[in-house]
1. State the three equivalent ellipsoid semi-axes of region 154-232, derived from the C-alpha gyration tensor as the square roots of 5 times its eigenvalues, in descending order and whole Å.
2. Please compute the per residue accessible area over the chain with all protein chains in place, 1.4 Å probe, rounded to a whole number of Å².
3. Which of the chymotrypsin sites (Phe, Trp or Tyr not before Pro) found in region 1-86 are in a DSSP loop and have at most 16 neighbouring Cβ atoms, other than their own, within 10 Å?
4. Restricting to Cα pairs below 8 Å that are 6+ residues apart, what does the relative contact order work out to for region 1-76? Please round to a whole percent.
5. For region 41-85, go through all pairs of different Cα atoms, get the mean of 1/r, take its inverse, and jot down that Kirkwood value in Å.
6. For the chain, restrict the atom set to alpha-carbon positions and state the Rg and Dmax in Å.
7. Quick one: pull the percentage of alpha-carbon pairs in region 8-89 with a separation above 16 Å.
8. For the chain, modelled as a Gaussian network with Cα springs under 10 Å, which listed residue fluctuates most, 118, 128, 156?
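The values are calculated or read from the model by the stated rules, or taken from the named source; none is laboratory data. In this text the structure is predicted, and so the values were computed from the model without any measurement. Because the Cβ atoms are built from the backbone with ideal geometry, glycine has one as well, and the counts that use them run over all protein chains shown. Accessible surface areas use protein heavy atoms only, side chains included; no ligands, DNA or RNA. Shrake-Rupley method; radii C 1.70, N 1.55, O 1.52, S 1.80 Å.
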Amino acid sequence: MRIVVSPHYSSLHDWLLQVPQLFSTNQGQLLYDGRNQIRLFAVDGQQLVVKRYKRHDAIKILVYSFFRKNKARRAYENAQELTRRGFVTPCPIAFLECATAGFITQVYYVCAYTDAQPIRPRLIEQDPFDRPLASQYARFVVALHEAGVLHRDLNPTNVLVDSQGRFQLIDINRMRFFGGPVPKDLSMENLTLFYWLTPAYRFILGEYAAQRGWTEADIQEAIRVKQRHDRRWVRRKKITHPFRK
């Protein structure tokens, strides 16, 4: 097993060796159990969150062993880069790679616990939506894009807000970083991940566009991009849903 741990948390190395066994015996508090599993542990007065990614199939075992960084490693390194660029994500602690005969078969990502909550209830489930929060969120996404940060799963469950009103990003294994601002076409595509073309989405788009100096033509193009994205999403679900258990 390979463990890469932040120098600030080197004292946790021996505990990290136990992580696969802790999961196999269902220890810790279960926070999420789906494609991946997330558990909360109390270790030496610290609350640690460990995400066990879905076990690799044969093709991914080959790809992640020799050709591409696995999801846990990407999450760890992306968290470091986000922090370097001035954004908040739960503090990265370590990633683990379990291997058999030199092939990586299971990976884990470890970070600090946060009690910040997803923005989804206040911007999607609440009617009317929280306009001050929506405005703040639009400015936050502007800051991300202008800093060259593209979170490729920027949905309202992966953006948290804490009691001080600070935004935090989670589920960060799929990201792209630029040396300058994110290009306009990719920014428009990224905005589509928020939710459907609702009043909240239109409001956020308007706030975002004002901050970036977009024209009315830009806004209309962004709406067309959103409509195209939603149509593709619906078609994809119609195709894949019958094959799901």
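1. Ellipsoid half-lengths, sorted descending, are 21, 15, 15 Å.
2. With the other protein chains kept in place, the chain gives 54 Å² per residue.
3. Listed in order of number, the matching sites are 67.
4. Relative contact order here is 15 percent.
5. Across region 41-85, the inverse of the average 1/r is 12.6 Å.
6. Final numbers for Rg and Dmax: 19.4, 58 Å.
7. 64
8. Its mean-square fluctuation being the largest, the pick is 128.
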